[in-house]
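Reviewing the structure listed below.
The values are calculated or read from the model by the stated rules, or taken from the named source; none is laboratory data. The model shown is predicted, which means the values in this text are computed figures rather than measured ones. So basically every Cβ, Gly included, is an ideal-geometry build from the backbone, and we count neighbours across all protein chains shown. With ligands, DNA and RNA removed, areas are computed over all heavy atoms of the protein, side chains included. Shrake-Rupley method; radii C 1.70, N 1.55, O 1.52, S 1.80 Å.
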Amino acid sequence: MSASLPVEPAGGTEHAEVAAVEASRATRLPGWFVILWRNRKCRIGLLMLLGFVVVAVLAPLIAPHDPRENSFTPSIGPGGGNWLGTTAQGEDVFSQLVYGARTSLVVGLAAGTLSTVIGLAVGLTAGYLRGTVDEVLSFFINLALVVPVLPLMITLAAYAPVKGLWLIIFVISVTGWAYGARLKRSQIITLRTRDYITAAKFAGDSTARIIAREILPNMTSLVVVGFMGACLGAIGGEAGLAFLGLGDPTTVSWGTMLNQANTGGAMLTGQWAWLIAPGLAFAGLMTALTLINFGVDALSNPHLRED
């Protein structure tokens, strides 16, 4: 997300910081939210994400039918009581689209959080302790990075003795933590040599206190960016596995809809809404998270902040 930045006049950074503080005081909103909201791209992303969250939470009220109700005429186009048509099994496409937002958000939040926690724990431990611990953990990080993720995900999902949404979350989490762990390890290696860390050590602070009070606050932006990236990967991973038929067949998701549209011959029957709608929804959610990342970058880089 790096790009060439225009040269700011002297005091531009201080002006952006002062403006954010003054706006925070005037509106009584947290300073970090003011910074995010003042970024145009992030603001659009937040509004888009809010829309998806509202749809997911109010799915029973928004969806006109139960997503598994198959009492309709199969394979009909948009119209009447079925706004986006029906599936080959006679289910309402629009209702499935609405409920699919729940699955994507749950997978993104759960798998993104788990991947971030694993990567943060491994990266912090390796970067701060160094020595033999660092060598052992770095070996596993590098091993996880060189193993092809997609074939590993497919293998775990296909041969697991149990099926379900939480299996997908587990598979995505255990295959997606290594990149974040490496970034956090590199960051903590640079932070652990700072003067304030040395002062905390001489003051007798414990390792846990130094990490919690001195190091983690200076890694907030990196952790949040890593979490957003993990959410993106998790949502994409779930959709990919479901499209390949390796997801939970009882769970309504956008990936499952794409799989059923493909196997149900949506292109042959001219049911473009059944095929395109989940793809557009998936692309919209991914775009929203990507746009929010622009604002998250501004939290740690004042040069990217907008007045």
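In the context of the full set of protein chains, residues of region 19-173 present 53 Å² of accessible surface per residue (probe radius 1.4 Å, heavy atoms only). Working value for region 211-269: equivalent-ellipsoid semi-axes of 39, 10, 6 Å, each the square root of 5 times a Cα gyration tensor eigenvalue, largest first. Considering only Ile44, Gly90, Ala111, and ranking their Cα positions along the charge dipole of the chain that arises from unit charges at the beta-carbon of Lys, Arg, Asp and Glu, the one farthest toward the positive end is Ala111.
Projecting the Cα atoms of Ser206, Gln260, Ile292 onto the charge dipole of region 200-307 (Cβ charges, centred on the Cα centre) puts Ser206 farthest toward the positive pole.
Rounded to the nearest 20 debye, the dipole size of region 67-141 about its Cα centre is 100 debye, using +1 on the Cβ of Lys and Arg and -1 on the Cβ of Asp and Glu. With viscosity 0.692 mPa s and temperature 37 °C, the Kirkwood radius over alpha carbon pairs of the chain converts through Stokes-Einstein to a diffusion coefficient of 150 µm²/s.
Note on the chain: with neighbouring protein chains present and a 1.4 Å probe, carbon and sulfur make up 66 percent of its accessible heavy-atom surface.
Charged side chains reduced to their Cβ positions (Lys and Arg at +1, Asp and Glu at -1) give region 125-202 a dipole of some 180 debye around its Cα centre. Set the Cα radius of gyration of region 110-198 against 2.2 N^0.38 Å, with N its number of residues, and you get 1.25.
Over all alpha-carbon pairs of region 155-307, lay out the pair-distance distribution in 5 Å bins, whole %, shortest bin first. Using 5 Å bins, I get a P(r) of 2, 8, 13, 14, 14, 12, 11, 9, 7, 5, 3, 2, 1, 0, 0 for region 155-307. Using only side-chain charges placed at the Cβ, +1 for Lys and Arg and -1 for Asp and Glu, the dipole size of region 104-300 relative to its Cα centre rounds to 360 debye.
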